[in-house]
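The values are calculated or read from the model by the stated rules, or taken from the named source; none is laboratory data. Note that the coordinates shown come from a computational prediction; the quantities given were computed from them, not determined experimentally. Cβ: placed from backbone, ideal geometry, glycine included. Neighbour counts: every protein chain shown.
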Amino acid sequence: MKSSSQRIAVLPDRPDSRLLVELTSHASDLSEASHTLASAFAAGESSELWFPLTSHSVTAYIRPFIHSNVRRRLDQMPEVPTVPPSLSRLHEVVRQYRNTTIAHSQSNLALPLPIVLLDNAGNPTKVAPVSLINQMPMAFAERFAELVAAMEDAVERATQPVLERLHAWVKNKTAEEIGNWDPPEFVHEAALEFNAGERRTGVPRYTAYWQEQLANDEQVSEHFSH
């Protein structure tokens, strides 16, 4: 049994717990898209940060709508409302933008050119590579923000009844029952060991990466108790 001072427990594996995990994962991606887009607006369209920030917001937004080995696609979950019809065309354009421009370089929004520099008489002086890039226009970004907000709202509305069902299920559980639930696994690695090679599993496991390897697991446990 866990210590009586424990103030957090992880719900055991059951259909609604798994559904909540999926919805939380999608909500996290959409929140990432929203916050990154807000940072782009704060930086401004003329900022050198505009292109990387809007690009990342597109990547984060589309994650819920592509295949994953650990969760269903958001648009294939019957619990979640679909993209509003008024924004469906915009959603498709964002999806295409991610596929042809952000994740791959094959659209006409980026034009690499081999050019030659000429002197005043029109004679060649130097060969140089140039890339012409069309970044996301402000007007489009504003509409994109509406789309992200709409899908955040859809996920939030789908999450609420799941929370209510789980609350109703858990409120009559005894401290002894809850104390026997498996806790998440916390491990630590040196910062240079950072990698994304492992996929999430049904067993909650979190790796903390440190600039210097901690001496023992007690220090890790102490860190997560605060």
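Return the pairs, sorted by first residue and then second, in which the second residue is exposed (fewer than 10 other Cβ atoms within 10 Å of the Cβ) and not in a strand (DSSP E or B), the first residue lies in segment 121-134 and is at negative phi and at pLDDT 95 or above, the beta carbons are less than 7 Å apart, and the residues are 6+ apart or on different chains.
Within 7 Å, the pairs are 125/119.
Out of the residues in segment 79-103 that are touching a Lys or Arg at 6+ places or on another chain (Cβ under 9 Å) and assigned to a loop (DSSP other than H, G, I, E, B), which is surrounded by the fewest Cβ atoms within 10 Å (Cβ to Cβ)?
81
Quick one: residue 206 ticks every box in (1) in the same structural domain as residue 71 (by TED's automatic domain parsing); (2) out of contact with any helix residue (DSSP H, G or I) (no Cβ under 8 Å at 6 or more places or on another chain); (3) among the aromatic types (Phe, Trp, Tyr) bar one, so which box is it?
Every condition holds for residue 206 apart from (1).
Quick check on my filter: what residues within segment 60-78 are touching a residue at least 24 places away in the same chain (Cβ under 8 Å) and either surrounded by fewer than 16 Cβ atoms within 10 Å (Cβ to Cβ) or touching a Pro at 6+ places or on another chain (Cβ under 6 Å) (or both)?
Selection gives 69, 70, 74.
Per-residue answers, yes or no, for (1) assigned by TED's automatic domain parsing to the domain that holds residue 203; (2) at pLDDT below 95; (3) assigned to a helix (DSSP H, G or I); (4) within 18 Å of the chain's Cα centre (by Cα):
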site: 20; (1), (2), (3), (4): no, no, yes, yes
site: 28; (1), (2), (3), (4): no, no, yes, yes
site: 33; (1), (2), (3), (4): no, no, yes, yes
site: 41; (1), (2), (3), (4): no, no, yes, no
site: 59; (1), (2), (3), (4): no, no, yes, yes
site: 69; (1), (2), (3), (4): no, yes, no, yes
site: 72; (1), (2), (3), (4): no, no, no, yes
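Here's the yes/no breakdown for (1) touching a Phe, Trp or Tyr at 6+ places or on another chain (Cβ under 8 Å); (2) closer than 18 Å to residue 58 by Cα; (3) among the aliphatic types (A, V, I, L, M); (4) outside the structural domain of residue 91 (by TED's automatic domain parsing):
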| site | (1), (2), (3), (4) |
| --- | --- |
| 128 | no, no, yes, yes |
| 131 | no, no, no, yes |
| 141 | yes, yes, yes, no |
| 158 | no, no, yes, no |
| 166 | no, no, yes, no |
| 173 | no, no, no, no |
| 189 | yes, no, no, yes |
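Does segment 154-166 include one or more residues that are of a type outside the set (D, E, K, R) and within 30 Å of residue 100 (Cα to Cα)?
Yes, because at least one residue in segment 154-166 is of a type outside the set (D, E, K, R) and within 30 Å of residue 100 (Cα to Cα).
Mind checking which pairs have a first residue in segment 135-163 that is more than 22 Å from residue 75 (Cβ to Cβ) and in contact (Cβ under 8 Å) with a residue 12 or more places away in the chain and a second that is of a type in the set (Phe, Trp, Tyr) and part of a helix (DSSP H, G or I), Cβ under 7 Å, 6 or more apart or different chains?
135/50; 135/51
Any idea how many residues of segment 115-133 are more than 26 Å from residue 102 (Cβ to Cβ), part of a strand (DSSP E or B) and not aliphatic (A, V, I, L, M)?
3
Just the residues that are within 30 Å of residue 161 (Cβ to Cβ) and in contact with a helix residue (DSSP H, G or I) (Cβ under 7 Å, 6 or more places away or on another chain), please, taken from segment 78-105.
Within segment 78-105, 79, 80, 81, 82, 83, 84, 87, 90, 91, 94, 95 meet the criteria.
Table: residues versus (1) out of contact with any strand residue (DSSP E or B) (no Cβ under 6 Å at 6 or more places or on another chain); (2) exposed (fewer than 11 other Cβ atoms within 10 Å of the Cβ).
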residue	(1), (2)
166	yes, no
170	yes, no
175	yes, no
180	yes, no
188	no, no
201	yes, yes
204	yes, no
207	no, no
